[in-house]
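The values are calculated or read from the model by the stated rules, or taken from the named source; none is laboratory data. Keep in mind it's a predicted model, so treat the numbers as computed, not measured. Neighbour counts are summed over all protein chains in view; Cβ atoms, including those assigned to glycine, are modelled from backbone coordinates with ideal geometry.
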């Protein structure tokens with residue numbers, strides 16, 4: 001009896017059958033030598049690829065220093081960004097309930113969430129503060145640091161560039177923009193901003209890190 005293989009689930013079916021009895025797919029013939037794909041195999045591959053992407057993102061985020069503009073304290077480079085769990089969305093909404101409506105209160109709340117590594121929540125709180133008054137380069141730098149920690153380097157770079165346009169002497173924004181460019185493999189741009197940082201604050205907390213990173217670019 002002639003047999004053919006279902007393209008959907010790999011089940012062996014009679015040649016005269018038009019639909020697979022296992023998965024209901026149209027019984028399109030595929031080469032017999034093709035490896036049998038178990039149901040859900042494609043989903044498993046996609047999930048595995050997602051895990052790889054997330055792992056790379058965590059390594060990139062944890063591998064560099066990102067500074068809070070206001071307190072000018074380096075984030076511990078060994079600290080990984082927590083992966084969102086199944087109830088992360090609800091947790092974030094709960095955190096946002098009862099927030100202050102005034103600028104100062106929002107900034108203080110943003111700093112608290114930042115220090116707790118709740119970067120997505122901190123970013124939302126900082127954005128609310130900036131909507132009230134967008135003039136503080138420190139708050140905008142903190143906002144950019146949150147975006148970077150969330151794995152959105154392009155948006156982080158936008159915020160740091162905004163700070164530098166309005167406050168070119170803001171040392172930490174220059175340092176952080178160098179970090180973002182480094183993470184995107186734009187080494188020449190990273191060099192420019194790290195060198196600029198050292199000109200502005202040669203004895204600052206991340207000065208030794210900036211010099212070390214510049215040496216690595218030359219090696």
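Computed values, structure above
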item	result
Residue that is touching a residue at least 24 places away in the same chain (Cβ under 8 Å) and over 22 Å from the mean Cα position of the chain (by Cα), where the choices are 201, 218	201
Options 165, 128; residue that is modelled with pLDDT of 95 or more, surrounded by fewer than 16 Cβ atoms within 10 Å (Cβ to Cβ), assigned by TED's automatic domain parsing to the domain that holds residue 205 and out of contact with any strand residue (DSSP E or B) (no Cβ under 6 Å at 6 or more places or on another chain)	165
Residue match in the range 121-136 (condition: touching a helix residue (DSSP H, G or I) at 6+ places or on another chain (Cβ under 9 Å) and more than 25 Å from residue 95 (Cα to Cα))	yes
Hey, residue 208 buried (at least 16 other Cβ atoms within 10 Å of the Cβ) and assigned by TED's automatic domain parsing to the domain that holds residue 98 or not	no
Among (1) closer than 24 Å to residue 109 by Cβ; (2) touching a helix residue (DSSP H, G or I) at 6+ places or on another chain (Cβ under 7 Å); (3) in contact (Cβ under 8 Å) with a residue 60 or more places away in the chain - the single one residue 206 does not satisfy	(1)
Residues being farther than 17 Å from residue 178 by Cβ and surrounded by 24 or more Cβ atoms within 10 Å (Cβ to Cβ) - total across the range 143-162	2
